[in-house]
1. Could you tell me how many of the residues in the stretch 81-128 are more than 15 Å from the chain's Cα centre (by Cα) and polar (S, T, N, Q)?
2. Can you tell me which residues in the stretch 83-114 are over 16 Å from Gln34 (Cβ atoms) and open to solvent by less than 40 Å² (accessible area, probe 1.4 Å)?
3. Which pairs turn up if I take residues in the stretch 107-128 that are touching a residue at least 40 places away in the same chain (Cβ under 8 Å) and look for partners that are small (Gly, Ala, Ser) and part of a strand (DSSP E or B) with beta carbon separation below 7 Å, at least 6 apart in sequence or on another chain?
4. Report, by residue number, each residue of the stretch 83-106 that is in contact (Cβ under 8 Å) with a residue 60 or more places away in the chain and within 9 Å of the ligand (Cβ to nearest atom).
5. Please tell me if Gln16 is open to solvent by less than 60 Å² (accessible area, probe 1.4 Å), farther than 16 Å from Lys123 by Cβ and modelled with pLDDT under 95.
6. Which one of Ile117, Ile80, Ile32 is of a type in the set (Val, Ile, Thr), loosely packed, with under 15 Cβ neighbours inside 10 Å and away from the ligand (no atom under 11 Å from the Cβ)?
7. Any idea which of Arg42, Arg74 is open to solvent by 50 Å² or more (accessible area, probe 1.4 Å) and closer than 14 Å to Tyr106 by Cβ?
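The values are calculated or read from the model by the stated rules, or taken from the named source; none is laboratory data. Computed from a predicted model, the values in this text were never measured in an experiment. FYI the Cβ positions are ideal-geometry reconstructions off the backbone, even for glycines, and counts take in every protein chain you see. Just the protein is used for accessible areas: all its heavy atoms, side chains included, with ligands, DNA and RNA removed. Shrake-Rupley method; radii C 1.70, N 1.55, O 1.52, S 1.80 Å.
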Amino acid sequence: MREMFLRWFNRRKPAQAEQTPELQAEDSQDEIIQLSGRTKERWVKPVIGATILQLADQNKVDWYSNCRRGTCARCRSKVIEGMEYLSAPNEAETARLEPEEIEQGYRLGCQVKVEKIGPLKVKHAPYF
Ligand code: FES
């Protein structure tokens with residue numbers, strides 16, 4: 001019975017459900033990512049492979065989050081500029097967001113990652 005529970009529980013944990021690691025931005029890099037949280041707005045340095053939520057956490061920008069695995073959508077974000085520097089929508093995002101939302105630039109902050117260095121503007125945009 002315990003093994004059945006553990007198998008079920010481990011299937012529920014997607015790879016993206018992780019705590020915010022210590023992010024290492026290049027010191028020489030300019031602050032070219034604008035994050036607009038619930039009440040704070042801040043320019044931050046890009047970190048390749050970091051999610052928008054990790055960057056917000058690291059830089060103390062107030063961004064709602066709950067599950068951190070792509071199911072609750074509390075971290076829903078609107079990419080205003082620079083979508084080309086971000087990862088493509090992953091399975092969790094395409095399952096949680098409507099195709100129209102993705103077309104309009106909405107992403108899940110806990111899933112979308114910085115893939116290339118470039119100017120970005122991202123605004124926290126939860127449903128409520
Ligand atoms: S924190 Fe739940 S979907 Fe991102």
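1. Counting residues in the stretch 81-128 that are more than 15 Å from the chain's Cα centre (by Cα) and polar (S, T, N, Q) gives 1.
2. Ser87, Ala92, Glu93, Leu97, Glu101, Ile102, Leu108, Cys110, Gln111
3. The qualifying pairs are Arg107/Ser77; Gly109/Ser77; Val122/Ser77; Lys123/Ser36; Lys123/Ser77; His124/Ser36; His124/Ser77; Ala125/Ser77.
4. Matches in the stretch 83-106: Ala92 only.
5. For Gln16, the condition - open to solvent by less than 60 Å² (accessible area, probe 1.4 Å), farther than 16 Å from Lys123 by Cβ and modelled with pLDDT under 95 - is met.
6. Of the residues listed, the single one that is of a type in the set (Val, Ile, Thr), loosely packed, with under 15 Cβ neighbours inside 10 Å and away from the ligand (no atom under 11 Å from the Cβ) is Ile80.
7. Only one candidate passes the filter, namely Arg74.
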